[in-house]
Amino acid sequence: MNPTTFPIEPGAMADLRARLAERADELTLLDIAYRTIDSPVGPLLLAATETGLVRVAFEREGFDTVLESLATRVSPRVLQAPRRLDTAAAELDEYFAGTRRAFDLPLDLALSSGFRQVVQRYLPHIGYGHTQTYTEVAETVGNPRAVRAVGTACATNPLPVVVPCHRVLRTDGSMGGYLGGLDAKRTLLELERAA
């Protein structure tokens, strides 16, 4: 054994990481905290600023890619710090268990702007277990010709599940696309119908 290195027990490493995250947060050096959770649609990455939940990402997006994007677009001070996301994780667990129909989380909409943000702010008003078409959403937000732009707003939604873009369907009732994949969209819609 090299005399300048010391073996670290796995539990001690986790404790060290937790203390580092806590200290960084205390010193306001932590701009983005993240953690992962398991869900019926696969692992999800949750990220939050001090303002609120800023990103929910599906595993298929590549968590490292998502974290790099957050570091570039929001702040490079990103750290795995699960405690900041305890409430978000608990509310998502309740949603997936069928006991929560709406989220009560502060959101940070820094990753959206303009018409996309207008649409994303509207989406939580589509009731649990209900759907609307891209056309209906465009009409409701005051721009009936912006059907494709509504689709783009849904496709670029940085907060899927919490901001329920899965509740928006094509005019013919078919699924349309979904960031998490069509299986994830179908799972979310079935979960809401069953509750």
- Message: I need a count of the residues in region 51-60 that are farther than 21 Å from L105 by Cα and in contact with a helix residue (DSSP H, G or I) (Cβ under 9 Å, 6 or more places away or on another chain).
- Response: 1
- Task: Please state which one of P164, P158 is in contact with a Ser or Thr (Cβ under 8 Å, 6 or more places away or on another chain) and surrounded by 15 or more Cβ atoms within 10 Å (Cβ to Cβ).
- Result: P158
- Message: Between D108, D93, D86, which is among the acidic types (D, E) and touching a Gly at 6+ places or on another chain (Cβ under 8 Å)?
- Response: D108
- For region 83-96, the count of residues that are of a type in the set (A, V, I, L, M) and either open to solvent by 30 Å² or more (accessible area, probe 1.4 Å) or closer than 17 Å to G180 by Cα (or both) equals 2
- Message: Where the second residue is crowded, with 18+ Cβ neighbours inside 10 Å and among the polar types (S, T, N, Q) and the first is under 15 Å from L44 (Cα atoms) and lies in region 174-193, which pairs have Cβ atoms under 8 Å and are six or more apart or on separate chains?
- Response: L179/N157
- Item | Hey, T65 open to solvent by 30 Å² or more (accessible area, probe 1.4 Å), in a strand (DSSP E or B), among the hydroxyl-bearing types (S, T, Y) and under 27 Å from D183 (Cβ atoms) or not | no
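Kindly indicate the residue of region 137-155 that is charged (D, E, K, R) and surrounded by fewer than 14 Cβ atoms within 10 Å (Cβ to Cβ) and also farthest from the chain's Cα centre (by Cα) among those meeting that condition.
Selected residue: R145.
Yes or no, residue by residue, for (1) surrounded by fewer than 17 Cβ atoms within 10 Å (Cβ to Cβ); (2) modelled with pLDDT under 95; (3) within 13 Å of A48 (Cβ to Cβ):
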{"residue": "A71", "(1), (2), (3)": "yes, no, no"}
{"residue": "A81", "(1), (2), (3)": "no, yes, yes"}
{"residue": "T99", "(1), (2), (3)": "yes, no, no"}
{"residue": "L107", "(1), (2), (3)": "no, no, yes"}
{"residue": "S112", "(1), (2), (3)": "no, no, no"}
{"residue": "V119", "(1), (2), (3)": "no, no, no"}
{"residue": "Y122", "(1), (2), (3)": "no, no, no"}
- Task: Confirm whether A48 is touching a helix residue (DSSP H, G or I) at 6+ places or on another chain (Cβ under 7 Å) and within 12 Å of V161 (Cα to Cα).
- Result: no
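Kindly indicate the residue of region 36-56 that is without any contact (Cβ under 8 Å) to a residue 40 or more places away in the chain and aliphatic (A, V, I, L, M) and also surrounded by the most Cβ atoms within 10 Å (Cβ to Cβ) among those meeting that condition.
Start the filter on region 36-56 by keeping residues that are without any contact (Cβ under 8 Å) to a residue 40 or more places away in the chain, which leaves 36, 38, 43, 45, 47, 50.
Still in the running and aliphatic (A, V, I, L, M): 45, 47.
Numbers: L45: 21, A47: 27.
Looking at residues that are without any contact (Cβ under 8 Å) to a residue 40 or more places away in the chain and aliphatic (A, V, I, L, M), I get A47.
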- Message: Every residue in region 167-183 that is hydrophobic (A, V, I, L, M, F, W, C) and open to solvent by 10 Å² or more (accessible area, probe 1.4 Å), please.
- Response: L169, M175, L179, L182
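The values are calculated or read from the model by the stated rules, or taken from the named source; none is laboratory data. Everything numeric here is computed off the predicted structure, so don't read it as measured data. Counting neighbours? That spans all protein chains shown, and the Cβs are built from the backbone with ideal geometry, glycine included. Each accessible area value is taken on the protein alone, full model and side chains, heavy atoms only, with ligands, DNA and RNA left out. Shrake-Rupley method; radii C 1.70, N 1.55, O 1.52, S 1.80 Å.
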